[in-house]
Each structure stands twice: as structure tokens, then as C-alpha cells.
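What follows is a set of notes on a single structure, which appears directly below.
The values are calculated or read from the model by the stated rules, or taken from the named source; none is laboratory data. Note that the structure is a prediction, hence the values are computed from the model and not measured. Counting neighbours? That spans all protein chains shown, and the Cβs are built from the backbone with ideal geometry, glycine included.
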């Protein structure tokens with residue numbers, strides 16, 4: 001799916017996504033990552049949704065977003081609330097949705113000037 005890009009913004013925009021990739025500013029990524037308006041975190045080591053731990057959410061806390069959009073792959077899946085406790089305790093909002101919905105939502109919120117982080121899980125096949 002191709003998404004709209006505003007060339008003048010200077011911020012990270014998600015320009016395309018599919019079941020096994022996300023493109024940020026037209027650069028394609030096939031591993032899970034965190035996208036913020038002014039930063040990319042490419043070493044967010046989530047191979048699959050079922051591999052999420054509290055440590056993955058603590059990494060998001062360190063980025064100080066006001067809202068986290070969690071893209072859970074091809075379908076919407078909800079992690080156990082105890083995994084997200086650090087974000088809740090810090091007053092950071094969390095929205096959970098499919099990968100494609102998360103990409104669209106991130107772009108809208110980023111364009112509004114929100115301090116949003118898109119934590120995007122791109123499932124890798126099990127060995």
C-alpha cells in the first residue's frame with residue numbers, strides 16, 4: 001500500500017507498507033522498527049508478536065513519546081497489559097492496531113505535530 005508523502009515536512013513519514021515491510025521516506029525496512037518524527041530505531045529486536053516482552057516497551061519509554069502506536073502485523077493483536085505497564089505508569093498512551101492501520105495513523109498524528117512513536121512489528125517467519 002502506498003501512502004501519501006509531504007516532501008516539505010522534513011520528518012519521517014511512512015511512505016508504503018505491506019505484510020513484510022515498511023518504507024520510511026521511501027527506504028524499505030523488513031525488520032521491526034520504531035518510527036518517530038525525527039528518529040528511527042532500527043534495532044528494536046522483535047521478531048514476532050509473540051516474542052514481545054516488557055523490555056521492548058521499556059525501550060519505547062526511553063524515547064519519551066506522548067503516544068505509542070503499536071502495529072502488530074497483519075492483524076490486530078493485543079499484548080498482555082502487564083507488558084505495557086511501564087508506559088501506562090508514565091502516562092504514555094498506547095493504541096494497538098494492525099501494521100497497515102498503524103502506518104496510516106502514525107502519518108496523521110505526525111502531521112498534526114504530535115510526539116508519536118510507531119512501534120511496528122514485521123513478523124519474521126519461524127525457523
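One residue stands out in the range 43-75 among those that are over 12 Å from residue 99 (Cβ atoms) and free of Cβ contacts under 8 Å to residues at least 24 places away in the same chain: the one that is surrounded by the most Cβ atoms within 10 Å (Cβ to Cβ), namely 51. Restricting attention to the range 76-89, the residues being touching a residue at least 24 places away in the same chain (Cβ under 8 Å) and under 17 Å from residue 121 (Cα atoms) number 5. Sort out which residues of the range 90-127 are under 18 Å from residue 56 (Cβ atoms), in contact (Cβ under 8 Å) with a residue 40 or more places away in the chain and buried (at least 18 other Cβ atoms within 10 Å of the Cβ), and write them in order of number. Residues satisfying the conditions are 99, 106, 116, 117, 118, 119, 120, 121, 122, 123.
Within the range 6-22, if we keep just the residues that are within 15 Å of residue 123 (Cα to Cα) and part of a strand (DSSP E or B), the residue that is modelled with the lowest pLDDT turns out to be 18.
In a helix (DSSP H, G or I) and under 14 Å from the mean Cα position of the chain (by Cα), is that true of residue 47? Spelling it out, it is not the case that residue 47 is in a helix (DSSP H, G or I) and under 14 Å from the mean Cα position of the chain (by Cα). If the condition is being farther than 24 Å from residue 21 by Cβ and either at pLDDT below 95 or outside any strand (DSSP E or B) (or both), then the range 81-105 contributes 81, 82, 83, 84, 85, 86, 87, 88, 89, 90, 91, 92. The criterion of being more than 15 Å from residue 96 (Cα to Cα) and in contact with a helix residue (DSSP H, G or I) (Cβ under 6 Å, 6 or more places away or on another chain) does not hold for residue 40.
Residues in the range 56-74 that are assigned to a helix (DSSP H, G or I) and either in contact with a helix residue (DSSP H, G or I) (Cβ under 9 Å, 6 or more places away or on another chain) or at positive phi (or both): 56, 57, 58, 60, 61.
Checking the condition over 21 Å from residue 88 (Cα atoms) and modelled with pLDDT of 95 or more, which residue from 60, 3, 40 passes? None of the other options fit; the residue is 40.
Residue 78 fulfils the conditions (1) modelled with pLDDT of 95 or more; (2) touching a strand residue (DSSP E or B) at 6+ places or on another chain (Cβ under 7 Å); (3) assigned to a loop (DSSP other than H, G, I, E, B); (4) surrounded by 14 or more Cβ atoms within 10 Å (Cβ to Cβ) except for a single criterion, (4).
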